[in-house]
1. Beyond a 18 Å Cα-Cα separation, which of these cross-linked pairs lie in this structure: LYS51/LYS119; LYS51/LYS82; LYS82/LYS125?
2. Based on the mean of other beta carbon atoms within 10 Å per residue, what is the order of 110-122, 45-57, most packed first?
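Just so it is clear, none of the values below were taken in a lab; they were calculated from the coordinates. In this text the structure is predicted, and so the values were computed from the model without any measurement. Reconstructed Cβ throughout: ideal geometry from the backbone, glycine too, with neighbour counts over all protein chains shown.
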Amino acid sequence: MPTKSRNSLFLALLMVSLLAGCASASYQRKDVQDDSGDKVTVGTVQKEIKKGMSGAEVAAALGSPNIVSTDEQGREVWIYDKIATDRVYSQSDAGIRFLTSGSSGASSTSQRTLTIIIKYDQDKKVREFAYHTTRF
């Protein structure tokens, strides 16, 4: 193999190696974060929860509430209070340790909350519901 071709091949392999180690924390978070499971979302509440539903129908749609209490008239109130924290740290050696003086890294932390309040009437049917969500 001619020297020029060998140098070009080496340079191409070097560039691929360097770029392969440069994934950011947000890119890696997408690879490790599992959003496919059964989780309560605002969309689920908007789509599934309706006035007049029974507690069994609500539980089938959202699962069990975190808190069950009663109001001043003895009617049930269900509260779903969900908090999630995502932390990702990635470290990159830029593919080749001997060419760099150290490694670099990136980290990302985010939190999201969702609070759902479902109020039932005396017949144990949904009379009203509200929700609040944050992401920071």
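1. LYS51/LYS82; LYS82/LYS125
2. Packing proxy ranking, top to bottom: 110-122, 45-57.
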